[in-house]
1. Out of curiosity, is S85 of a type in the set (S, T, N, Q), surrounded by fewer than 17 Cβ atoms within 10 Å (Cβ to Cβ) and farther than 25 Å from L36 by Cα?
2. Give the residues of the stretch 1-26 that are open to solvent by 70 Å² or more (accessible area, probe 1.4 Å) and among the acidic types (D, E), sorted by residue number.
3. Scan L29, L41 and give me the residue that is open to solvent by less than 30 Å² (accessible area, probe 1.4 Å), touching a residue at least 12 places away in the same chain (Cβ under 8 Å), closer than 15 Å to Q9 by Cα and not small (G, A, S).
4. Taking the stretch 44-53 as the region of interest, how many residues are closer than 14 Å to G83 by Cα and open to solvent by 20 Å² or more (accessible area, probe 1.4 Å)?
5. Going by what's in this entry, would A35 be described as surrounded by 12 or more Cβ atoms within 10 Å (Cβ to Cβ) and either touching a strand residue (DSSP E or B) at 6+ places or on another chain (Cβ under 6 Å) or not β-branched (V, I, T) (or both)?
6. Considering the stretch 54-82 alone, what residues qualify as being more than 25 Å from H14 (Cβ to Cβ), touching a residue at least 12 places away in the same chain (Cβ under 8 Å) and open to solvent by 70 Å² or more (accessible area, probe 1.4 Å)?
7. Kindly establish whether G102 is of a type outside the set (F, W, Y) and touching a His at 6+ places or on another chain (Cβ under 9 Å).
8. Could you list all residues from the stretch 98-110 that are surrounded by fewer than 16 Cβ atoms within 10 Å (Cβ to Cβ) and among the β-branched types (V, I, T)?
Amino acid sequence: DAPLDCLLQVNMGHEPQKGGVAPEAAVVLAQAVVALAGLRLRGLMAIPPVAEDPRRHFQALAELSRALSAVVPMGEAPVLSMGMSDDFESAIQSGATHIRVGSALFGERT
């Protein structure tokens, strides 16, 4: 069977209510994922803290992605999934390859 493509979720704001690996532990986790035959690491994803300017977190995740690409294989075009309906412009400016804009397309959840 072909390996399953996956992204590492990084908890850029160290928020206890969110999942994801702390940025400082991402390299170790990425190396462990790459060693698993059933998974293929394709990149990183993150949701920044709501109460903060997301640009700082987007830029930090982009830097982490570049650093990881030098250490672990993530393909020729690593995925950088960050940004949602309210902040996708900043995410794109910071290098996002994937954004999530569900509420912009379908409205707020009820």
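The values are calculated or read from the model by the stated rules, or taken from the named source; none is laboratory data. Because the structure is predicted, anything quoted here is derived from the model rather than measured. Methodologically, a virtual Cβ is constructed for each residue, glycine included, from the backbone with ideal geometry; neighbour enumeration extends over all protein chains shown. Quick note on the areas: whole protein, heavy atoms, side chains included, nothing else; ligands and nucleic acids left out. Shrake-Rupley method; radii C 1.70, N 1.55, O 1.52, S 1.80 Å.
1. Working: of a type in the set (S, T, N, Q): yes; surrounded by fewer than 17 Cβ atoms within 10 Å (Cβ to Cβ): yes; farther than 25 Å from L36 by Cα: yes.
When the stated conditions are applied, S85 passes them.
2. Here is the first cut: in the stretch 1-26, the residues open to solvent by 70 Å² or more (accessible area, probe 1.4 Å) are 1-2, 4-5, 9, 14, 16-17, 24.
If the condition is that a residue be open to solvent by 70 Å² or more (accessible area, probe 1.4 Å) and among the acidic types (D, E), then D1, D5, E24 are the ones that fit.
3. Numbers: L29 fails: open to solvent by less than 30 Å² (accessible area, probe 1.4 Å).
Of the residues listed, the single one that is open to solvent by less than 30 Å² (accessible area, probe 1.4 Å), touching a residue at least 12 places away in the same chain (Cβ under 8 Å), closer than 15 Å to Q9 by Cα and not small (G, A, S) is L41.
4. Narrowing the stretch 44-53 to residues closer than 14 Å to G83 by Cα: 44-50, 52-53.
Narrowing further to those that are open to solvent by 20 Å² or more (accessible area, probe 1.4 Å): 45, 47, 50, 52-53.
Matching residues across the stretch 44-53 total 5.
5. Judged against the criteria, A35 is not a match.
6. P73
7. Working: of a type outside the set (F, W, Y): yes; touching a His at 6+ places or on another chain (Cβ under 9 Å): no.
Against the criterion (of a type outside the set (F, W, Y) and touching a His at 6+ places or on another chain (Cβ under 9 Å)), G102 does not qualify.
8. So the first thing to find is which residues in the stretch 98-110 are surrounded by fewer than 16 Cβ atoms within 10 Å (Cβ to Cβ), and the list is 98, 101-110.
Within the stretch 98-110, V101, T110 meet the criteria.
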